[in-house]
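In what follows, a structure is listed as structure tokens, so that the remarks can point back to it.
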Amino acid sequence: MGATSSSLSELASNDYLKRLSGTEPINPMDPYWNQLLSFSFLIPVNSTDARLLEESTAAVCRNFSVNNTHTGNFRSLIHNFLVRSAELKASAQCDDNIFIWQTYNALFIIRSLCKYFVEYLSEELLLQQFDCKPPDPDGSVPELAEGEQMGSLAEDLLNSLIELIVDVPVLNFTYALHLEALNTILTLLSIQMFQPQATSTFTIFRFMMQGKCAIHAPLLMKALLWNYINQEKIPPELYKGTSESSSMLYDMTAAVASSFWSVVTLGMGSKPKPVEEDFSDTLLANQSLLLILVLTNHCTSDRGFNNPYRQALFSFTDSQDTSNPGPTRAVPTFKIDFNRLYTTLCLTLKDDQNTLLFYLLLHQNMHMKAFILSRTNVDQIVLPLLRILYEAQERNSHHIYMALIILLILSEDDVFNKAVHQIVIKSVPWFKERPLSEITLGGLLILVVIRTIQFNMARMRDKYLHTNCLAALANMSAQFSDLHPFVAQKIISLFAQLCKKHVRLVEQIRQSATNSDRGTESEDDMDHDYLADLNVLEEVIRMVLEIINSTLTTSLQHNPNLIYTLLYKRDLFTQFRTHPTFQDIIQNIDTILAFFTARLEQNGKNISPSEVLEIINEGAIQFRKDRLKKFPELKFKYVEEDSPEEFFIPYVWSLVYHVSNMYFNATRIVLFSLSTTDT
């Protein structure tokens, strides 16, 4: 490192790094720091090469962690960054590219060292690295000043990074600095991945949730959301390091730009054409989103903590809403343009992290939820959700569950349930079973949810998934309208598939019960599994029948194709007419089918499908609903689990591991198993 460029092979023997990690303390005012922070070298292009970089500097980091306890050089490095950062925040240096470059480089080294500390040291030893001071002139080891708490410099660093994100504008030559600030905060908070203890016990998290860092929570969340909304691409100036330019400014800062670009994109700046799977050109938006998820999903259930970031995210309002909030409504933490946020969500919903943000906003921010449900273009948010479910085999289970839960929350609103059947989708190119044209959004939703159930039919014990799928359909069933013939067929084919499974399972139980040699522990366990499967299966069948019944009793006139399909498949209900679990609902369906069967028989046997539909439409108008037994309205409401952190904390950090463009040592991770969290 230093003013000359370096390669991976040279890093371990680099004079500047050797001095930094050596046994001699370096005064914070030493000219060495300006020389150290004037480095430029290409960073590896992918996570594999990033690992090589870490391995190349492992000895430096290891020596630094040992010698810093005597030299206090980490404190001097942070001091240099804090001084530069303070000047940047005062906006005096925002047009000084060299100054920004050195500030960025200081932070990059800080993050690299912090990453080693986080992965290999306990939190106590990590904080000690911040507290170490150079020896006094007499050789004695200085102690903390009066009133100075352990790790206070770490808190100062975090606070400075937050202020940088909030106060320094995102410009071409501050883009990389913003990105590095986000990465450093994520790196320090990633201690959760490497230590098997509750979040509330980490001093670093207490620094973020309380004290001077917490004061900035609303402004930080607003800045992070703006970064996400803007989806700003890495400026062209940061990846033209290999191009010629006659501009004096460009010539002067070419090395800076090359260094920026290389670090930001793990070396993609040296390639003429970015490879999509290796490169995201909206990294600032991505890292901002990840930090939002990390901050809002920790310290949510501990009574000793009040998570200010969570509170800020769940109470911000629409900057375009000019209505008077009224005296009884809480004062919003900040305001942001809901329409722009909604547009960004619609465009990015294909990924886990974006889906998770949408879930948090829909479930917890009542202002945003009301805005989303009032949209006339709700298809723009629903279609990406349906595609996630349709491509379930390519997704992880967490992503599928999030998409399902979002649909369930949306289905709690009757206006939404009605609106989806009024929006006509002209084509759905990703739906491969058959061409779909002029199908309603509601019809497509039903098709995809049923397909999700069928896709998971082999895992019938996954009751949670089936329950959420059917709960969403149940909530919508009273508003099912003008169902496409293919949709009606899929509803009944699902019931037929469940019927066949029921017959097979009952037969397995019967054979097991008549086996004269049974009685071993393993056979008893098998019997118990069969009965458990039967219980779950019958609950699913009951819900499907309730959905059919709800549609028929509330929207009979608007669903001739469903009646047509039921008449064609009426023999399916025979096996359940005397079954105590289904008998009451079957009676309603039988009453309706008997009515329409009689009307069809009055018109003879040789009638065309179009004539059948005409008879059904006429009969639906004349059918008296008072002949049917009334059932409670189907309404299911999503309720978050009692201990959501058990699900969300490992999930969020697995996302950071996979999509943050940062390398983490998988062998050191204890929070989650990579085999179960692949994204």
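What to note about this one:
- Computed in the context of the full set of protein chains, the accessible area of region 301-430 at 1.4 Å probe radius has 50% of its extent on carbon or sulfur.
- Residues whose amide H lies under 5 Å from that of Ile439, counting only those 5 or more places away or on a different chain, are Ile425; hydrogens are built 1.01 Å from N in the peptide plane.
- Karplus (6.51, -1.76, 1.60) ³J(HN,Hα), θ = phi - 60°, over region 491-498, in Hz, Gly and Pro reported as x: 4, 6, 5, 4, 4, 5, 5, 5
- Computed about its Cα centre, the charge dipole of region 518-670 is approximately 1060 debye, with only Lys, Arg, Asp and Glu carrying charge at their Cβ.
- With contacts taken as Cα pairs under 8 Å at a separation of at least 6 residues, region 414-469 carries a relative contact order of 27 percent.
- Relative packing of 120-129, 661-670, which averages over residues the other C-beta atoms within 10 Å, highest first: 120-129, 661-670
- Accessible-area value, Arg510, 1.4 Å probe, nucleic acids and ligands omitted, Å²: 130
- With bins 10 Å wide beginning at 0, the percent of Cα pairs of region 175-220 falling in each bin runs 24, 49, 26, 2.
- Exposure check, 1.4 Å probe, all protein chains in place: Val536 carries approximately 20 Å² of accessible surface.
- Cross-link pairs Lys350/Lys418; Lys350/Lys501; Lys463/Lys630; Lys500/Lys625; Lys500/Lys569 - those with Cα-Cα distance over 23 Å: Lys350/Lys418; Lys350/Lys501; Lys463/Lys630; Lys500/Lys625
- A DSSP coil position with no more than 11 other Cβ atoms inside 10 Å describes none of the trypsin sites (Lys or Arg not before Pro) in region 469-504.
- 3J(HN,Hα) from dihedral phi, region 585-592, Karplus parametrisation 6.51/-1.76/1.60, rounded to Hz, x for glycine, proline: 6, 4, 4, 4, 5, 4, 4, 5
- From phi via Karplus (6.51, -1.76, 1.60), per-residue ³J(HN,Hα) for region 469-480 in Hz, x at Gly/Pro: 4, 6, 5, 5, 5, 5, 4, 8, 4, 5, 9, 3
- In terms of packing, defined here as the mean over residues of other Cβ atoms within 10 angstrom, the peptides 421-434, 25-38, 354-367 line up highest first as 354-367, 25-38, 421-434.
- Anisotropy class of region 286-432 from Cα gyration tensor, a/c 1.5 cut: oblate
- Database remark: amide H of Ile234 closer than 5 angstrom to the amide H of Leu283 (H placed geometrically; neighbours at sequence offset of 5 or more, or on other chains; Pro and chain starts carry no H).
- Amide H contacts for Phe316 (H built 1.01 Å from N in the peptide plane; partners 5 or more residues away or on another chain; cut-off under 5 Å): Thr333, Phe334.
The values are calculated or read from the model by the stated rules, or taken from the named source; none is laboratory data. Worth saying up front: this structure is predicted, and the values here are computed from it rather than measured. In this analysis, Cβ positions are derived from the backbone assuming ideal geometry, glycine residues included, and neighbour counts consider all displayed protein chains. Each accessible area value is taken on the protein alone, full model and side chains, heavy atoms only, with ligands, DNA and RNA left out. Shrake-Rupley method; radii C 1.70, N 1.55, O 1.52, S 1.80 Å.
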